[in-house]
Structures are given as structure tokens and as C-alpha cells.
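The values are calculated or read from the model by the stated rules, or taken from the named source; none is laboratory data. The shown structure was predicted, so the numbers you read here are calculated from the model rather than taken from an experiment. Cβ placement follows ideal geometry from the backbone for every residue including glycine, while neighbour counts extend to all protein chains displayed. We work out accessible area using only protein heavy atoms, side chains counted, and drop any ligands, DNA or RNA first. Shrake-Rupley method; radii C 1.70, N 1.55, O 1.52, S 1.80 Å.
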Amino acid sequence: VQLQASGGGLVQAGGSLRLSCAASGRTFSSYAMGWFRQAPGKEREFVAAISWSGGSAYYADSVKGRFTISRDNAKNTVYLQMNSLKPEDTAVYYCAARVGLAVTTAVSEYDYWGQGTLVTVSS
């Protein structure tokens, strides 16, 4: 599967952005999906993940209550709605797909990765 992330940009603190990740292939609904981010000089970290059906979602503590992950299997797309953005949210955001139904927060357990989209939050 190929993943194409979009929607990043420059936003002021307190603002909002919605990231999208479009997937190729006809088996999108069989993948758990995740969003991760990597700030300069830091390791890639988990942000949010969603089960194949969209029935279960998981968030990093740092974004809980501010970010929402969702998916539209008919459109082969997963979204990340980001509200109340903070300068510490600045990073390249990556979407990822995991073969199978189980959701995980571990970077190493995702099989496919998009190219990343840059989010910059100014103070």
C-alpha cells in the first residue's frame, strides 16, 4: 500500500489543522492506521492510532483532548484533526499502516509509511 500525507503548514499557537492520509489499494479497511511525528533532533513518536473499523482510537498523552483521529474506508483516507496547537507540536507528521486488525503504538510494528507532512506552530 502507498500512503500520501497532506495538510501540513504554518499555524499560530491555538490554531487548528487537519491532516489527511490517502492510501492506495483496495484493502485499506484491513489495516490499522497510525499517525506519528518527528521533531528535529528527536526520535519518531506515536501520536494517534485507529482500528480498521474506526471503532477504537488511541492517543499519546501529549495530544489527548486536542487531536482526533478518524478514517473513511470508502475514501481510503485517515485524518488527524489537530486543535489547540502548541509550538511543541511542531514536527514532520507521518501516517502509517499496519497489516492486521490490532492497533499498536509502536513505530516498529507499522509496515507502510507515508512521506510526511511538516507542521509548524508559531508562538
Exercise for the section: For residues that are assigned to a loop (DSSP other than H, G, I, E, B) and under 11 Å from the mean Cα position of the chain (by Cα), tally how many sit in the range 43-59. Expected result: 0
Handout entry: Odd one out for Arg26, checked against (1) open to solvent by less than 30 Å² (accessible area, probe 1.4 Å); (2) at pLDDT below 95; (3) of a type in the set (Lys, Arg)
Key = (1)
Practice task
Specify the residue that is nearest to Trp52 (Cα to Cα); the eligible residues are those in the range 107-123 that are open to solvent by less than 50 Å² (accessible area, probe 1.4 Å) and part of a loop (DSSP other than H, G, I, E, B).
Solution key: Tyr110
Problem - Residue match in the range 16-23 (condition: small (Gly, Ala, Ser) and open to solvent by less than 10 Å² (accessible area, probe 1.4 Å)) - result: no
Exercise for the section: Run Lys64 past the list (1) part of a strand (DSSP E or B); (2) more than 24 Å from Asp111 (Cβ to Cβ) and report the number of the one that doesn't hold. Expected result: (1)
Fill in the blank from the handout: For Val78, the lone unmet condition from (1) farther than 22 Å from Gln12 by Cβ; (2) more than 13 Å from the chain's Cα centre (by Cα); (3) of a type in the set (A, V, I, L, M) is (2)
Exercise for the section: Please identify the pairs in which a residue from the range 53-64 that is without any contact (Cβ under 8 Å) to a residue 12 or more places away in the chain and closer than 15 Å to Ser30 by Cα has its Cβ atom under 6 Å from the Cβ atom of a residue that is outside any loop (DSSP other than H, G, I, E, B) and open to solvent by 50 Å² or more (accessible area, probe 1.4 Å), counting only partners at least 6 apart or on another chain. Expected result: none
Problem - Selection status of Ala97, among the small types (Gly, Ala, Ser), at negative phi and not in a strand (DSSP E or B) - result: no
Exercise for the section: State which residue pairs qualify: first residue on the phi > 0 side of the Ramachandran plot and inside the range 102-117, second residue at pLDDT 95 or above and surrounded by 12 or more Cβ atoms within 10 Å (Cβ to Cβ) in any location, beta carbons under 6 Å apart, and separation of 6 or more residues or different chains. Expected result: Gly116/Val92; Gly116/Tyr94
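Can you confirm whether Tyr31 is open to solvent by less than 40 Å² (accessible area, probe 1.4 Å), of a type outside the set (S, T, N, Q) and at pLDDT 95 or above?
Answer is no for this residue.
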Practice task
Report, by residue number, each residue of the range 48-106 that is of a type in the set (A, V, I, L, M), surrounded by 15 or more Cβ atoms within 10 Å (Cβ to Cβ) and touching a Phe, Trp or Tyr at 6+ places or on another chain (Cβ under 7 Å).
Solution key: Ala48, Ala49, Ala60, Ile69, Leu80, Met82, Ala96, Ala97, Val103
